[in-house]
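Engineer: After the structure tokens below, expect a handful of questions from me.
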Amino acid sequence: MKQYRTIQGDMWDGIAFKVYGSEAYMNVLLEANQEYAHYVILPANLILKCPDANIRAAINLPPWRR
């Protein structure tokens, strides 16, 4: 499992994009890091767990976009 150290001002969608290449993985990060889910804007130096993710499981896209 990968980890990500936050920088001041990080937001869940931005981290998902940095780690997975898509903001759609935000829910994967939130589920893995529920202790920090109350943050909208994250403080610096939190260590987040970044589980391996399957894009089809993580993204709720219509069939024509998959």
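Laboratory data are not the source of any read-out in this text; all were calculated from the coordinates shown. These numbers were taken from a predicted model, which means no experiment stands behind them. All Cβ positions, glycine included, derive from the backbone under ideal geometry; neighbour counts span all protein chains shown.
Engineer: Summing +1 for each Lys or Arg and -1 for each Asp or Glu, what net charge is found among the other residues whose Cβ lies under 14 Å from the Cβ of GLU31?
Structural biologist: Net of charged neighbours comes to -1.
Engineer: Report the label-to-label distance for ALA37 and GLN3 in nanometres (one decimal), using points 7 Å from each Cα along the Cα→Cβ vector.
Structural biologist: 2.2
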